[in-house]
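Structure record follows, encoded as structure tokens.
The values are calculated or read from the model by the stated rules, or taken from the named source; none is laboratory data. Note that the structure is a prediction, hence the values are computed from the model and not measured. Positions of Cβ are backbone-derived with ideal geometry, glycine not excepted, and every protein chain shown enters the neighbour counts.
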Amino acid sequence: MSNKQYNVPLIIRGQIITDPDFEFGGRRGGVTFHTPDVAKHIGQLTLSAPSKMADLYSLSLDEILDFLADLGQRLRFDSNAHLREAFSLSCVTSGLSESILRYQYENIPFFFSRDEMAMMVERSCGANYLEGWVAQPGGMPGVSARVRAFGSRAVHVIAGNAPIVSILTVIRNAFTRSDCIIKTPSNDPLTATALARTMIDMAPEHPLVKHLSVAYWKGGDTTVERAIYDPRKIEKIIAWGGFDSVKHVTQYLQPGIDLITQDPKLSSTIIGKEAFADDTTLRSVATRLALDVGAQNQEGCVNARVIYVESGTDAAGIERANKLGSLTFDALQKLPPHLSTPHKAFDMNLKSEIDGARMNDDEYRVFGGRTNEGAIIVSQDDAPVDFSRQLGCRVGNIVPLDDLQNAIRSVNAYTQTIGIFPETLKEKLRDQLAFQGAQRLVSLGGAATVQHNMEKQDAIEPVRRMVKWVTEEYADGALFEAIAEANPDIKAVGM
Amino acid sequence: MSDLYQRLLDDPTDFHNAVYCDGFKLTRAQIDTVQLEGVRKRFGELRPQIAMLDKLATEQSVAAIDTINDIVPVLFPHTFYKSYPLSYLEKSRFDKLTRWLNGLTTVDLSGVDASGVELIDDWLDLLDRETPLLVSHTSGTTGKLSFIPRTKAQWRQTVLHSGHMLRHWWGENSGPDLLNEHYPLIIPGYRYGGSATQRANDFMIELFAGSEDNALFMYPNARFSADVVSLAGRLRTAEARGEQGMLEIAPALLNRRQELSELEKRRPQDLQNFFDTARTKFAGKNVYIAGVWTLLYDWAEAGLKEGHAGIFGKDSVLFSGGGKKGKALPDNYREQIKEFLGFDNAYEMYAISEQMGWSIMCEHGHYHIPPVIVPFLLDPVTGNPLPREDGVTGRLALLDLMPQSYWAGLITGDEVTWGGWQEPCPCGRIGTYLHDQIRRYSDKEGGDDRIVCAGAPEAHDQALAFLTELSM
């Protein structure tokens with residue numbers, strides 16, 4: 001148990017406020033942190049007038065990316081005191097072990113590499129749209145149009161399961177020239193703060209610093225939220241995860257506020273019969289599956305939880321599924337510590353469920369699950385465990401099937417990623433899975449370790465929705481005169 | 001009184017027939033001995049007869065019980081009495097459900113043929129007819145019901161025990177003797193059904209009321225259906241499992257949703273009629289009322305507004321529990337209820353439905369655990385037993401030594417603080433007690449503003465939410 005106390009400052013547009021007005025307990029480890037009372041500073045937190053966005057337009061996109069790349073250089077874990085403090089608090093509040101967190105914090109500069117950010121811009125809005133007015137093809141004869149993507153005033157209610165959420169938020173806010181208030185969660189109140197403080201150390205008066213605020217208030221605090229979630233003060237709310245946090249937000253929705261949710265999701269796996277071709281293949285499949293289940297200790301929405309396997313459900317089929325279960329559990333135990341470890345705060349309710357399943361060996365085979373080492377539970381029939389939505393802490397459930405149609409029908413709008421083996425099966429099923437609601441289909445093993453395209457998350461394009469797509473249209477005055485006079489020689493189409 | 005210690009050493013179940021208050025006059029050392037001997041006796045008797053207990057004991061390498069905490073590894077997590085897969089209910093595999101239950105009880109169920117059964121209610125009826133059991137179910141919000149294999153004989157003992165408690169809790173013969181001097185029963189619930197409340201009804205009518213017409217139920221002819229209770233939670237789980245999940249719910253059961261909505265719409269009127277009848281039929285008499293505080297307050301508030309007060313005889317009794325269910329009641333709710341009902345003899349209990357005994361609150365706000373229920377506090381993270389010292393807080397586990405047809409050692413989901421180990425309660429009762437600040441661990445974890453991206457929202461079926469209250 002750590003009794004260390006942390007200060008979580010309130011950061012408003014370059015200003016650091018540290019009054020310890022409130023004390024909050026983190027979820028795990030008995031740690032507490034102090035924060036200023038956000039309500040006292042609420043007037044400064046939101047941008048009073050949209051015209052104050054103009055300073056962001058004195059910067060070119062290149063200058064913005066240069067600034068971020070420079071920031072990345074300063075986010076070195078070995079030398080940045082703010083990051084080290086965030087890491088130290090996360091070691092207590094996060095579900096990730098110290099070795100995994102260390103690896104993630106050490107990797108932060110990667111996301112700020114200039115090339116990577118430039119591609120991020122291309123995958124989302126396109127640099128040309130952020131930099132200027134882009135002519136649009138087609139349309140009515142005599143009418144032309146140009147479009148530009150403008151930043152908006154937004155509140156980001158971020159998730160705390162991994163530092164990447166804070167990183168993406170800061171980068172996206174900067175290159176879209178937006179004004180953001182980050183509302184941090186209690187399981188990671190300091191990573192976004194560390195990024196902001198490093199920016200202040202770099203250039204306290206920089207426009208990008210002046211359009212970034214980071215605050216912790218308890219989600220659902222009506223004094224704060226009623227004052228902020230007001231269409232006169234903000235235009236967008238970007239809410240990550242957390243069913244409750246989204247519910248809090250919805251009560252303030254009204255015309256003029258656009259809610260962009262990255263809803264809580266679960267992910268799964270579909271493995272075709274080809275996995276059982278021979279021992280070598282099965283071992284490879286088990287290793288890749290262990291990665292999808294165990295990476296980042298299964299704290300993410302991308303991690304595999306229920307694993308549908310076309311093993312057959314006769315006695316031989318169940319044995320095949322059990323073999324895969326046993327190999328996967330072994331592979332899970334061998335994952336490197338920077339990716340996965342026994343969970344430091346294993347969910348005791350889940351443990352009770354595993355204990356119950358273990359007693360029922362007609363229905364379940366349980367590999368592991370004795371303490372906090374993780375488990376693979378193999379259903380001995382074609383149904384997932386009843387507690388499938390509680391799976392976490394490196395616990396997967398293998399479900400043997402005769403026919404993969406059952407697996408496809410189990411996919412719904414809460415299904416984010418599906419890891420699939422073999423590739424031919426992915427191509428065969430991808431349209432059908434998409435109809436059902438699946439949002440990301442990956443090669444088995446790629447669910448939680450690599451991600452190509454964060455700009456398309458949960459089947460939406462969050463960055464495209466963060467900006468305002470403003471249109472400027474042109475037509476010759478003669479066209480309007482003709483419309484007004486109903487001149488038969490000039491035809492105006494479409495009205 | 002003097003022979004109670006020896007009686008409990010011989011057989012802890014004998015407490016059901018004891019002068020209740022005597023249980024709290026044993027010395028601390030006597031209680032500890034009764035409990036250690038009782039644990040040895042029950043574990044020794046039940047292990048060879050209950051497959052799941054034996055399996056867990058083998059897994060955990062528990063053999064001899066030298067000290068009381070040696071039993072902790074074989075306390076059942078709350079999941080054990082519902083460790084069957086939900087697909088048994090979905091696919092009407094009651095043959096498998098019977099085999100599963102057989103692993104949890106000393107009663108031999110191998111001769112029961114449940115293969116043609118389609119509904120939980122029918123399965124319960126079959127077991128009622130063909131076995132000594134009167135299986136009760138919980139009203140779990142997940143749709144998965146726990147099934148508790150208690151015998152008819154022990155249900156009778158449970159109600160007798162309740163009678164002795166009402167009579168002797170505040171001291172010997174301090175309360176009415178319902179077993180000999182019958183009272184009308186007023187119960188705002190179902191007459192029939194399989195949840196613990198309804199399982200007791202037959203015995204309460206016989207032993208407390210004396211006859212059927214001396215008991216008033218809100219739904220005198222209706223059954224609290226296990227299938228319907230389970231449906232609410234199953235719909236949620238099913239929807240989260242996509243199309244496949246919905247396919248697995250029988251259409252006949254889906255149609256019952258409509259019935260429930262109708263029932264819910266009529267509920268305020270039904271309640272009003274029930275309370276009006278209770279008042280007009282039994283005014284001035286001493287009665288037995290069971291009900292949760294929220295419901296009683298609603299009745300009292302409405303009744304006082306209409307000018308009714310002091311309705312029942314002053315020797316009436318009120319049996320309550322269930323907390324306040326998240327509703328805000330005014331500070332003086334107890335006074336208002338008392339003013340309306342005309343009496344204040346309330347027995348407020350903490351209990352878990354898997355057990356025969358319960359803990360009643362004293363004048364100092366403490367729930368006193370009787371000597372035949374062995375309490376444990378466990379570390380919420382490691383599950384290891386915490387010191388048996390006053391003021392310690394942890395996850396409560398209880399082993400009731402009275403049940404003989406199943407293992408009644410269970411780990412609850414409640415965080416409690418206990419006392420009575422070193423210093424007895426100022427009320428004078430000896431033995432362990434619980435402070436009244438009891439909360440669910442799940443509530444604590446849910447409200448902490450921790451946000452992660454993993455999860456799936458539940459489809460909330462509001463129309464079915466009220467069922468839980470009806471099961472009390």
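Of all residues assigned to region B:382-400, at least one qualifies as being of a type outside the set (D, E, K, R), over 21 Å from B:GLY38 (Cα atoms) and more than 14 Å from every other protein chain (Cβ to nearest Cβ).
Within region A:201-221, which residues are more than 14 Å from chain B (Cβ to nearest Cβ) and either out of contact with any helix residue (DSSP H, G or I) (no Cβ under 6 Å at 6 or more places or on another chain) or not in a helix (DSSP H, G or I) (or both)? A:ASP201, A:MET202, A:ALA203, A:PRO204, A:GLU205, A:HIS206, A:LYS210, A:HIS211, A:LEU212, A:SER213, A:VAL214, listed by residue number. One residue is enough: does region A:115-126 have a residue meeting the conditions more than 30 Å from A:SER94 (Cβ to Cβ), touching a strand residue (DSSP E or B) at 6+ places or on another chain (Cβ under 6 Å), in the same structural domain as A:TRP217 (by TED's automatic domain parsing) and at pLDDT 95 or above? No, region A:115-126 has no match at all.
Scanning region B:37-69 for residues that are acidic (Asp, Glu), farther than 23 Å from B:TYR5 by Cα and at pLDDT 95 or above gives a single hit, B:ASP54.
Would you confirm whether or not region B:147-156 contains a residue that is within 14 Å of chain A (Cβ to nearest Cβ) and buried (at least 19 other Cβ atoms within 10 Å of the Cβ)? There is at least one residue in region B:147-156 that is within 14 Å of chain A (Cβ to nearest Cβ) and buried (at least 19 other Cβ atoms within 10 Å of the Cβ). Just so you know, in region A:384-426 the residues that are without any contact (Cβ under 8 Å) to a residue 24 or more places away in the chain and touching a strand residue (DSSP E or B) at 6+ places or on another chain (Cβ under 9 Å) include one that is farthest from the other protein chains (Cβ to nearest Cβ), and it is A:GLU423.
Residue-wise test of (1) surrounded by 23 or more Cβ atoms within 10 Å (Cβ to Cβ); (2) over 28 Å from A:VAL92 (Cβ atoms); (3) more than 14 Å from every other protein chain (Cβ to nearest Cβ).
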residue	(1), (2), (3)
A:GLY312	no, yes, yes
A:LYS323	no, yes, yes
A:LEU327	no, yes, yes
A:LEU339	no, no, yes
A:LYS344	no, no, no
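May I ask you to verify whether B:PHE80 is within 14 Å of chain A (Cβ to nearest Cβ) and over 18 Å from B:MET402 (Cα atoms)? Judged against the criteria, B:PHE80 is a match.
Checked against (1) of a type in the set (Val, Ile, Thr); (2) more than 30 Å from A:ILE271 (Cα to Cα); (3) not assigned by TED's automatic domain parsing to the domain that holds A:ILE238, A:THR424 passes all but a single condition, namely (2).
Every residue, every condition in (1) in contact with a strand residue (DSSP E or B) (Cβ under 8 Å, 6 or more places away or on another chain); (2) exposed (fewer than 14 other Cβ atoms within 10 Å of the Cβ); (3) under 23 Å from A:PRO185 (Cβ atoms), yes or no:
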position: A:ASP78; (1), (2), (3): no, yes, no
position: A:ALA81; (1), (2), (3): no, yes, yes
position: A:THR93; (1), (2), (3): no, no, yes
position: A:LEU101; (1), (2), (3): no, no, yes
position: A:ASN128; (1), (2), (3): yes, no, no
position: A:GLY139; (1), (2), (3): yes, yes, no
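Inside region B:397-426, residues that are on the phi < 0 side of the Ramachandran plot, in contact with a His (Cβ under 9 Å, 6 or more places away or on another chain) and surrounded by 15 or more Cβ atoms within 10 Å (Cβ to Cβ) make up a count of 10. Mind listing just one residue for me: the one in region A:22-61 that is at pLDDT below 85 and of a type in the set (Gly, Ala, Ser) and, of those, farthest from the chain's Cα centre (by Cα)? Going through the qualifying residues, I end up with A:SER48.
Being surrounded by fewer than 23 Cβ atoms within 10 Å (Cβ to Cβ) and either more than 23 Å from A:GLU373 (Cα to Cα) or in the same structural domain as A:VAL366 (by TED's automatic domain parsing) (or both): is that true of A:LEU289 here? Answer is no for this residue.
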